[in-house]
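A quick write-up on the structure given underneath.
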């Protein structure tokens, strides 16, 4: 599906009315006291290993990972009790004993080896992220991983959803994925396409058992409809509610609103191909200087978000602290466009008689995405840039991005999700990365990222990543827009819910339903 808009109105008008309307919620059945019903904006797709990079299996805790990330974004034992690095290319993981998969088969080093090897075979991007050469079951509960090169980020990468440990029953005789069989506190039970997925408590779980008996994940893609379903008592919790609903629901005693900063970043990725107008770094810098992120947060998101001026929040030691700001500077933006050969004619930027025109691609399935995309486009239009927006489904947008017929794609990624910069710098911007669709390559950036992933935490590692991020910033490869503040709303009966800062982990094993 595509919705196209030619943006030629003032920013104030668009910022006041950026709303999307979608499908109606599915029919809702009666729920028992021990069943939590959650309305989600994404369909869980539990029978597809590649959907959203397998996030649902981690969100729902059907699968465990070897290493986990706690609520302070620190590494904690998962299925691995401890890990060590005897040499620059070797990691040894000591695994938990007395753990079983949902089908009753034992978890051990051989099972972990089989799972990770299937992941690498079935998910092409996993091979580069994990950098694994060989995996050996050295003992029943000792797993040895040899990396292709020194790779200090491996424990962090093993917290990612793509590395969830699958039991052998997850795959058929040919090795194809058929269903998620894990070791987590929840066992997959039922999937109804375009409607819901049900998981139930796994009483053989190795950790503390959940209070809830079941969780029903209802697919409600319309962002208004999720809130309506909550208010109607059809669901207990609505994930990713609209910013405009936060204040109203917060004032109603029947509901609780949860909001917290998360690892997510909304940003515009530039197509740096030489034949595109944004192939010129001066144009990319100018556009960055035209967009007031604070206005986007205040006007389009009702204050629910944080303005983003760099790719990572500046709380990390490996983030440069002294880079020139891309805070709005229209005079400097005009200078840069003039250097690139553009001139303003009747308030519109043009070169050689042709207007500066940008084709912006985005998708509507994320709650804030249309609001942010249209606000950004409105601000650019206000400054004399011709803009056309195409809003698609996520797969539809990605297909067009791969074809290269665009100037900016507004996307959402989670740079901080594993507590290490390697995940997204390597997978999104390295010239050899499978997911680098921006036609941008920089030898200095590649070298800094390649070095950083080999180094243990410390001054040298931080310096390498500061160099990479300085290049990314100076080249204006992206336009950071908004750091996500995750928002959910629940019935007051829901107890114990917390937002995990990764943004991809529900932790419903600590949730109960009160009277």
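The values are calculated or read from the model by the stated rules, or taken from the named source; none is laboratory data. Worth saying up front: this structure is predicted, and the values here are computed from it rather than measured. Cβ atoms come from the backbone with ideal geometry, glycine included; neighbour counts cover every protein chain shown.
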Among (1) under 27 Å from residue 403 (Cβ atoms); (2) at pLDDT below 95; (3) surrounded by fewer than 22 Cβ atoms within 10 Å (Cβ to Cβ), where does residue 282 come up short?
(2)
Odd one out for residue 297, checked against (1) surrounded by fewer than 18 Cβ atoms within 10 Å (Cβ to Cβ); (2) in contact (Cβ under 8 Å) with a residue 40 or more places away in the chain; (3) outside any loop (DSSP other than H, G, I, E, B)
(1)
Would you mind telling me which numbered condition in (1) touching a strand residue (DSSP E or B) at 6+ places or on another chain (Cβ under 6 Å); (2) more than 12 Å from residue 113 (Cα to Cα) residue 134 fails?
(2)
So if I check each of 273, 260, which one is modelled with pLDDT of 95 or more and surrounded by fewer than 18 Cβ atoms within 10 Å (Cβ to Cβ)?
273
For segment 280-287, does any single residue satisfy the condition of being part of a loop (DSSP other than H, G, I, E, B) and within 30 Å of residue 488 (Cβ to Cβ)?
no
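Here is a yes/no grid of residues against (1) surrounded by fewer than 22 Cβ atoms within 10 Å (Cβ to Cβ); (2) under 30 Å from residue 298 (Cβ atoms):
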position	(1), (2)
388	yes, yes
397	no, yes
403	yes, no
409	no, yes
433	yes, no
436	yes, no
439	yes, no
447	yes, no
Selection count where residues are assigned to a strand (DSSP E or B) and without any contact (Cβ under 8 Å) to a residue 24 or more places away in the chain, scope segment 474-515
1
Name the residues in segment 387-400 that are in contact (Cβ under 8 Å) with a residue 60 or more places away in the chain and either farther than 16 Å from residue 288 by Cβ or in the same structural domain as residue 241 (by TED's automatic domain parsing) (or both), would you?
388, 389, 390, 391, 392, 393, 396
What do you reckon, is residue 460 at pLDDT 95 or above, out of contact with any strand residue (DSSP E or B) (no Cβ under 9 Å at 6 or more places or on another chain), surrounded by fewer than 17 Cβ atoms within 10 Å (Cβ to Cβ) and part of a helix (DSSP H, G or I)?
yes
From the list 477, 487, which one is farther than 30 Å from residue 235 by Cα and in contact with a strand residue (DSSP E or B) (Cβ under 9 Å, 6 or more places away or on another chain)?
477
I need a count of the residues in segment 267-309 that are touching a strand residue (DSSP E or B) at 6+ places or on another chain (Cβ under 8 Å) and more than 18 Å from residue 409 (Cα to Cα).
7
Counting only residues that are in a helix (DSSP H, G or I) and over 19 Å from the mean Cα position of the chain (by Cα), which one in segment 217-240 is nearest to residue 497 (Cα to Cα)?
230
Please find, within segment 429-466, the residue that is nearest to the chain's Cα centre (by Cα) out of those that are free of Cβ contacts under 8 Å to residues at least 24 places away in the same chain and under 28 Å from residue 361 (Cα atoms).
436
Looking at segment 411-422 only, could you name the residues that are crowded, with 21+ Cβ neighbours inside 10 Å, in contact with a strand residue (DSSP E or B) (Cβ under 9 Å, 6 or more places away or on another chain) and not in a strand (DSSP E or B)?
415, 416, 417, 418
Among the residues of segment 445-457, which ones are in a helix (DSSP H, G or I) and over 12 Å from residue 469 (Cβ atoms)?
446, 447, 450, 451
What are the residues in segment 102-134 that are surrounded by fewer than 20 Cβ atoms within 10 Å (Cβ to Cβ) and without any contact (Cβ under 8 Å) to a residue 24 or more places away in the chain, if any?
106, 117, 120, 127, 134
Given the conditions (1) touching a strand residue (DSSP E or B) at 6+ places or on another chain (Cβ under 9 Å); (2) free of Cβ contacts under 8 Å to residues at least 24 places away in the same chain; (3) farther than 21 Å from residue 284 by Cβ, every one holds for residue 346 apart from (1)
Can you tell me which residue within segment 142-161, out of those that are crowded, with 22+ Cβ neighbours inside 10 Å and touching a helix residue (DSSP H, G or I) at 6+ places or on another chain (Cβ under 6 Å), is nearest to residue 500 (Cα to Cα)?
157
